[in-house]
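Visitor: Have a look at the structure that comes next, please.
The values are calculated or read from the model by the stated rules, or taken from the named source; none is laboratory data. A quick note: this is a predicted structure, and the numbers were derived from the prediction, not measured. When we count neighbours, we look across all protein chains shown, and the Cβ atoms used for this are built from the backbone with ideal geometry, even at glycine.
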Amino acid sequence: MRKTLNGMRNRGNEDRGFTMIELLVVVVIIGVLVAIAVPVYLNYRKGAANKSAAADVRSAITAVEQYYTDNGNAYPAAPAPLVSADGVLKLTGGSEQTITVSPGNVLAYQNYLKDGTAASYRLCAINTDGGQMYRYDSGVGGSVIKFTGSNAATCATTASA
């Protein structure tokens, strides 16, 4: 038993640390893992930013429809696009509705006449980080769709896709 303990004590004197090769291998492995993880994380953030723009459009639809119901079946008047400023979009005239816009998003509302008869509206939102624009057109109905354009105000004034 004493012989085994002495052998264990002496073995510790031989192992003094890691070799340079072992350290380099560990550094290379960490570098490869970081090179894979950073782009994946950045894509995840971009996707989340885009989803927040789509969510803002959906919440704005609710606010516009509430305004419509509270004000005798009339949509808010906006001859030019109303664009969110400071994270808020206010629909005024009659019963006011406030739409809170997520940080980094721009939301635009436009009321227009479709075929010169029934009033309808369009909502567009874009996230400055994600770059994807989303639009809802009440004249067409359906759901929030992806839209290609330069900014939310332009999206709100363009014809239906």
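Visitor: Scan segment 78-106 residue by residue and report those that are surrounded by 12 or more Cβ atoms within 10 Å (Cβ to Cβ) and in a strand (DSSP E or B).
Guide: Those that are surrounded by 12 or more Cβ atoms within 10 Å (Cβ to Cβ) and in a strand (DSSP E or B): Leu82, Val83, Leu89, Lys90, Leu91, Gln97, Ile99, Thr100, Asn105, Val106.
Visitor: Of Ala35, Ala77, which residue is free of Cβ contacts under 8 Å to residues at least 60 places away in the same chain and under 26 Å from Cys155 (Cβ atoms)?
Guide: Step by step, each of Ala35, Ala77 is checked, and only Ala77 is free of Cβ contacts under 8 Å to residues at least 60 places away in the same chain and under 26 Å from Cys155 (Cβ atoms).
Visitor: A follow-up question, please. Go over the candidates Arg58, Arg2, Arg45 one by one and state the one that is basic (Lys, Arg) and at pLDDT below 85.
Guide: Arg2
Visitor: While we're here: With modelled with pLDDT of 85 or more, over 16 Å from the mean Cα position of the chain (by Cα), of a type outside the set (A, V, I, L, M, F, W, C) and closer than 18 Å to Thr154 by Cα as the only criterion, which of Tyr109, Tyr67 stands out? If you could, list the steps in order and put the result at the bottom.
Guide: On the way: Tyr67 fails: closer than 18 Å to Thr154 by Cα.
Going through Tyr109, Tyr67 in turn, the sole match is Tyr109.
Visitor: For segment 38-63, what are the residues that are β-branched (Val, Ile, Thr) and touching a residue at least 60 places away in the same chain (Cβ under 8 Å)?
Guide: Val57, Ile61
Visitor: Moving on. Does Tyr75 satisfy being modelled with pLDDT under 90 and in contact with a helix residue (DSSP H, G or I) (Cβ under 7 Å, 6 or more places away or on another chain)?
Guide: Values: modelled with pLDDT under 90: yes; in contact with a helix residue (DSSP H, G or I) (Cβ under 7 Å, 6 or more places away or on another chain): yes.
The answer is yes for Tyr75.
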